[in-house]
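*Asks:* After the structure tokens below, expect a handful of questions from me.
The values are calculated or read from the model by the stated rules, or taken from the named source; none is laboratory data. The structure presented is a predicted model; accordingly, all values stated were derived computationally and were not measured. All Cβ positions, glycine included, derive from the backbone under ideal geometry; neighbour counts span all protein chains shown. Just the protein is used for accessible areas: all its heavy atoms, side chains included, with ligands, DNA and RNA removed. Shrake-Rupley method; radii C 1.70, N 1.55, O 1.52, S 1.80 Å.
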Amino acid sequence: MTTLSKTPLHQVHVDLGARMVDFAGWHMPIQYAGLIEEHQVVRTEAGVFDVSHMGEFTVSGVEAFEFLQFALTNNVAKVRKGRAQYTLMCSESGGVIDDAVLYRPDDYMLVVNAANVETDWEWLSSLATDFDVQLTNRSEEYALLAAQGPKAEALLNPLCDLDLTRLRRWRIRAATLDGRGVLMARTGYTGEDGFEVFTASYDAVRVWGALTAVGFTPVGLGARNTLRLEAGMPLHGQDISPEISSLEAGLSGVVDMNKGDFVGRSALQAAAGSRVLRGLWMVDRAIPREHCLVRTEAGPGMVTSGTYSPTLKVGIAMALLPPAVEIGDLVSVDIRGRQREALVVELPFYNRFSKPDAGDS
Amino acid sequence: MYPDDLRYSKEHEWVRLDGDEATVGITDYAQEELGDIVYVELPEEGEEFKLSDSFAIVESVKAASDVYSPLSGEVVAVNTELVDKPELVNEDPYGAGWMIRLRPGDASEMDDLLDAAGYEALISELRA
């Protein structure tokens, strides 16, 4: 049996009675009180997630910009100091090695998925040999708390020396929270307003305590998944992967073909895309799950992520479908051997924000 | 948590025998393990099940799970209220969250089920 990694908040979760699971090699809380209740708390009030399992790499040196511009698909020129941007790392063939958020509190900091920390590190390190950069894996040094929900700003503001009403979406600033040095970013993976708080690992328990004391409810990774799926945000390893190109996943908005050369560019330029990621809204009472087969008049497709939507109270999914399938078409999803009807819809299923949300506005 | 008047299967179903009818549901432990239940797929009245057949599917946000018949028998009633209120299984698994009533085909199968103490021992093993 392999030993699971533990975040600095592990004991806090256990003491709260959380249900703990193996998630990408980490022993993480999947839920505390209940998934649906936790989901609703984030949609209507404020919840806090421990996402310290995610990886943080900092990039400095005279060629940091040129290196990132080459390694990532989005245009790093837009990431001025104090900003953040959703971006992808692609292979030469255009498949998605990982998705990430590039922050620039001072030096560049790339936040990557827990499951991919090692792969990403090796990949970026190999690319970095051609550049004058220092790449540092700071995943152990940082804890990351996601404080999300419509009440997040009002609850956090009294604790913070920054005026958070003036910290806009996709911005990051160094700040003090309950007396501890943190990085406050107005980003998240819930489709809701909120913040991501980077703390030193040794401050994580204190900052978590300060957040729950002012009214943030602990929320597990189960609700994180339903929240991000409603928000149409892809999960790497399911909706995007090395076998699924960024264009198929509908992420052309974060692939800048005009910024100059980057890894994967020529493959993405050549690819027409044989499928496209769409939303499915179940008409029948059934819940589509990952890998369910989808039958359409234009050929087969496959569910990449599916769940019950606590907000919409129906089964929803993301699915890779033939490009000829149109929004509004009815398709059938094979769920445990039965054909269940679904409507093809545009992503996302839920969005608090009216504009496309990748940090480039 | 483990009412004394019930019998329990190792797959976490309970049975309440009342005259020649047996009411069946899933245990408190089962509902807690599944988490928030959002759909329950029930059989029709008149369907017959053998011991350990899957007679229903309970679906939580995370996954779908079969519910296995703790006895052989014919379905004489189904709790149709669960169609619109599946959360009753979470809220009241031994009461309003019941699933079906069976007319048992073989009364001796009751003897193979666990009593409350036996089931409680099983749960403490699982939780250890």
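*Asks:* What about A:T307, is it in a helix (DSSP H, G or I), of a type in the set (S, T, N, Q) and within 14 Å of chain B (Cβ to nearest Cβ)? Spell out the reasoning first.
*Replies:* Numbers: in a helix (DSSP H, G or I): no; of a type in the set (S, T, N, Q): yes; within 14 Å of chain B (Cβ to nearest Cβ): yes.
For A:T307, the condition - in a helix (DSSP H, G or I), of a type in the set (S, T, N, Q) and within 14 Å of chain B (Cβ to nearest Cβ) - is not met.
*Asks:* Can you pull out every residue in the stretch A:274-297 that is touching a residue at least 60 places away in the same chain (Cβ under 8 Å), open to solvent by 50 Å² or more (accessible area, probe 1.4 Å) and closer than 21 Å to A:R228 by Cβ? Walk me through how you get there before you give the answer.
*Replies:* Step one: filter the stretch A:274-297 for residues touching a residue at least 60 places away in the same chain (Cβ under 8 Å), giving A:277-283.
Cutting the leftovers down to open to solvent by 50 Å² or more (accessible area, probe 1.4 Å) gives us A:278, A:281, A:283.
A:R278, A:W281 - these are the residues of the stretch A:274-297 that are touching a residue at least 60 places away in the same chain (Cβ under 8 Å), open to solvent by 50 Å² or more (accessible area, probe 1.4 Å) and closer than 21 Å to A:R228 by Cβ.
*Asks:* Considering only the stretch A:213-231, state which residues are away from chain B (no Cβ under 14 Å) and open to solvent by less than 20 Å² (accessible area, probe 1.4 Å). Spell out how you get there, then give the answer.
*Replies:* Quick first cut of the stretch A:213-231, residues away from chain B (no Cβ under 14 Å) only: A:213-218, A:231.
A:F216, A:A231, listed by residue number.
*Asks:* Answer yes or no as to whether B:S54 is farther than 21 Å from A:G306 by Cα and not basic (K, R). First the steps, then the outcome.
*Replies:* Numbers: farther than 21 Å from A:G306 by Cα: yes; not basic (K, R): yes.
Against the criterion (farther than 21 Å from A:G306 by Cα and not basic (K, R)), B:S54 qualifies.
*Asks:* Return the only residue of B:A128, B:A117, B:A121, B:A107 being touching a strand residue (DSSP E or B) at 6+ places or on another chain (Cβ under 9 Å), open to solvent by 60 Å² or more (accessible area, probe 1.4 Å) and of a type in the set (A, V, I, L, M, F, W, C).
*Replies:* Just a single option satisfies the conditions, and that option is B:A107.
*Asks:* Let me ask something else. Which one of these is away from chain B (no Cβ under 14 Å), under 30 Å from A:L268 (Cβ atoms) and surrounded by fewer than 22 Cβ atoms within 10 Å (Cβ to Cβ): A:A71, A:A24? Step through it out loud before you land on a result.
*Replies:* Details: A:A71 fails: surrounded by fewer than 22 Cβ atoms within 10 Å (Cβ to Cβ).
One residue alone meets the criteria, A:A24.
*Asks:* Quick check on B:V76: is it touching a residue at least 40 places away in the same chain (Cβ under 8 Å) and more than 14 Å from the chain's Cα centre (by Cα)? Break it down into steps so the answer makes sense when it comes.
*Replies:* Working: touching a residue at least 40 places away in the same chain (Cβ under 8 Å): yes; more than 14 Å from the chain's Cα centre (by Cα): yes.
Answer is yes for this residue.
*Asks:* Another question about this same structure. Could you please find all residues in the stretch A:330-351 being part of a loop (DSSP other than H, G, I, E, B) and in contact with an Asp or Glu (Cβ under 9 Å, 6 or more places away or on another chain)? Step through it out loud before you land on a result.
*Replies:* The first filter runs over the stretch A:330-351 and keeps only residues part of a loop (DSSP other than H, G, I, E, B), leaving A:336-337, A:346-351.
Passing the criteria: A:P348, A:F349, A:Y350, A:N351.
*Asks:* Would you confirm whether or not the stretch A:58-70 contains a residue that is in contact with a strand residue (DSSP E or B) (Cβ under 9 Å, 6 or more places away or on another chain), more than 19 Å from A:L124 (Cβ to Cβ), of a type in the set (V, I, T) and in contact (Cβ under 8 Å) with a residue 12 or more places away in the chain?
*Replies:* No, every residue in the stretch A:58-70 fails to be in contact with a strand residue (DSSP E or B) (Cβ under 9 Å, 6 or more places away or on another chain), more than 19 Å from A:L124 (Cβ to Cβ), of a type in the set (V, I, T) and in contact (Cβ under 8 Å) with a residue 12 or more places away in the chain.
*Asks:* Working only within the stretch A:1-36, note down all residues that are assigned to a loop (DSSP other than H, G, I, E, B), among the small types (G, A, S) and touching a Phe, Trp or Tyr at 6+ places or on another chain (Cβ under 8 Å). Explain how you work it out, then say what you get.
*Replies:* To start, the set of residues in the stretch A:1-36 that are assigned to a loop (DSSP other than H, G, I, E, B) comprises A:1-4, A:6-9, A:16-18, A:24-25, A:32-34.
Applying the additional criterion that residues be among the small types (G, A, S) yields A:17-18, A:24-25, A:33-34.
Scanning the stretch A:1-36 gives A:G17, A:A18.
*Asks:* Among the residues of the stretch A:237-244, is there at least one that is open to solvent by 20 Å² or more (accessible area, probe 1.4 Å) and either within 14 Å of chain B (Cβ to nearest Cβ) or within 14 Å of A:M318 (Cβ to Cβ) (or both)?
*Replies:* Going residue by residue through the stretch A:237-244, those that are open to solvent by 20 Å² or more (accessible area, probe 1.4 Å) are A:237-238, A:242-243.
After this cut, where a residue has to be either within 14 Å of chain B (Cβ to nearest Cβ) or within 14 Å of A:M318 (Cβ to Cβ) (or both) as well, the list is A:237-238.
The answer is yes; a qualifying residue exists.
*Asks:* Let me ask something else. With (1) within 30 Å of A:F67 (Cβ to Cβ); (2) surrounded by fewer than 21 Cβ atoms within 10 Å (Cβ to Cβ); (3) touching a Ser or Thr at 6+ places or on another chain (Cβ under 6 Å) as the list, and A:V255 as the residue in question, which single condition is left unmet?
*Replies:* For A:V255, the failing item is (2).
*Asks:* Would you confirm whether any residue within the stretch B:40-49 is in contact with a Pro (Cβ under 6 Å, 6 or more places away or on another chain), under 30 Å from A:L229 (Cα atoms), surrounded by 17 or more Cβ atoms within 10 Å (Cβ to Cβ) and in contact (Cβ under 8 Å) with a residue 40 or more places away in the chain?
*Replies:* The initial filter retains those residues of the stretch B:40-49 that are in contact with a Pro (Cβ under 6 Å, 6 or more places away or on another chain), namely B:40.
Going one step further and asking which of them are under 30 Å from A:L229 (Cα atoms), we end up with B:40.
Of the ones still in play, those that are also surrounded by 17 or more Cβ atoms within 10 Å (Cβ to Cβ) are B:40.
Subset that is in contact (Cβ under 8 Å) with a residue 40 or more places away in the chain: B:40.
Checked the stretch B:40-49: at least one residue is in contact with a Pro (Cβ under 6 Å, 6 or more places away or on another chain), under 30 Å from A:L229 (Cα atoms), surrounded by 17 or more Cβ atoms within 10 Å (Cβ to Cβ) and in contact (Cβ under 8 Å) with a residue 40 or more places away in the chain.
*Asks:* Quick one: B:V83 ticks every box in (1) open to solvent by less than 40 Å² (accessible area, probe 1.4 Å); (2) free of Cβ contacts under 8 Å to residues at least 60 places away in the same chain except a single one, so which number is it?
*Replies:* (1)
Conditions tested, residue by residue: (1) over 28 Å from A:T190 (Cα atoms); (2) away from chain B (no Cβ under 13 Å); (3) in contact with a Gly (Cβ under 6 Å, 6 or more places away or on another chain).
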{"position": "A:D261", "(1), (2), (3)": "yes, yes, no"}
{"position": "A:G264", "(1), (2), (3)": "yes, yes, yes"}
{"position": "A:A270", "(1), (2), (3)": "yes, yes, no"}
{"position": "A:V283", "(1), (2), (3)": "no, yes, no"}
{"position": "A:A298", "(1), (2), (3)": "yes, yes, no"}
{"position": "A:G301", "(1), (2), (3)": "no, yes, no"}
{"position": "A:L312", "(1), (2), (3)": "no, no, no"}
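*Asks:* For the stretch B:50-78: of the residues being buried (at least 19 other Cβ atoms within 10 Å of the Cβ) and more than 17 Å from B:W98 (Cα to Cα), which is nearest to the other protein chains (Cβ to nearest Cβ)?
*Replies:* B:V61
*Asks:* Is it fair to say A:V96 is buried (at least 21 other Cβ atoms within 10 Å of the Cβ), over 23 Å from A:I172 (Cα atoms) and among the hydrophobic types (A, V, I, L, M, F, W, C)?
*Replies:* On the way: buried (at least 21 other Cβ atoms within 10 Å of the Cβ): yes; over 23 Å from A:I172 (Cα atoms): yes; among the hydrophobic types (A, V, I, L, M, F, W, C): yes.
Yes: the conditions hold for A:V96.
*Asks:* Follow-up. In this structure, is B:E21 touching a residue at least 24 places away in the same chain (Cβ under 8 Å), over 13 Å from the mean Cα position of the chain (by Cα) and either surrounded by fewer than 21 Cβ atoms within 10 Å (Cβ to Cβ) or over 21 Å from A:A286 (Cβ atoms) (or both)? Give the derivation first.
*Replies:* Details: touching a residue at least 24 places away in the same chain (Cβ under 8 Å): yes; over 13 Å from the mean Cα position of the chain (by Cα): yes; either surrounded by fewer than 21 Cβ atoms within 10 Å (Cβ to Cβ) or over 21 Å from A:A286 (Cβ atoms) (or both): yes.
Here the answer is yes, as B:E21 does meet what is asked.
*Asks:* What are the residues in the stretch A:124-168 that are under 30 Å from A:S91 (Cβ atoms) and open to solvent by less than 60 Å² (accessible area, probe 1.4 Å), if any?
*Replies:* Step one: list which residues in the stretch A:124-168 are under 30 Å from A:S91 (Cβ atoms), which gives A:124-142, A:144, A:146.
Residues satisfying the conditions are A:L124, A:S125, A:L127, A:A128, A:F131, A:V133, A:L135, A:T136, A:S139, A:Y142, A:L144, A:A146.
*Asks:* Name the one entry in A:I287, A:I316 that is within 14 Å of chain B (Cβ to nearest Cβ) and either in a loop (DSSP other than H, G, I, E, B) or of a type in the set (K, R) (or both). Write out each step before concluding.
*Replies:* Values: A:I316 fails: either in a loop (DSSP other than H, G, I, E, B) or of a type in the set (K, R) (or both).
Exactly one of A:I287, A:I316 is within 14 Å of chain B (Cβ to nearest Cβ) and either in a loop (DSSP other than H, G, I, E, B) or of a type in the set (K, R) (or both), namely A:I287.
*Asks:* Another one. Going by what's in this entry, would A:P300 be described as over 22 Å from A:S332 (Cα atoms) and open to solvent by 60 Å² or more (accessible area, probe 1.4 Å)? Steps first, answer last, please.
*Replies:* Values: over 22 Å from A:S332 (Cα atoms): no; open to solvent by 60 Å² or more (accessible area, probe 1.4 Å): yes.
When the stated conditions are applied, A:P300 does not pass them.
*Asks:* Of the residues in the stretch A:27-51, how many are more than 12 Å from chain B (Cβ to nearest Cβ), of a type in the set (D, E, K, R) and either surrounded by 18 or more Cβ atoms within 10 Å (Cβ to Cβ) or more than 14 Å from A:A146 (Cα to Cα) (or both)? Spell out how you get there, then give the answer.
*Replies:* Just the residues of the stretch A:27-51 that are more than 12 Å from chain B (Cβ to nearest Cβ), to begin with: A:27-29, A:41-51.
Cutting the leftovers down to of a type in the set (D, E, K, R) gives us A:43, A:45, A:50.
So of that shortlist, the ones also either surrounded by 18 or more Cβ atoms within 10 Å (Cβ to Cβ) or more than 14 Å from A:A146 (Cα to Cα) (or both) come out as A:43, A:50.
Summing the residues that are more than 12 Å from chain B (Cβ to nearest Cβ), of a type in the set (D, E, K, R) and either surrounded by 18 or more Cβ atoms within 10 Å (Cβ to Cβ) or more than 14 Å from A:A146 (Cα to Cα) (or both) in the stretch A:27-51 gives 2.
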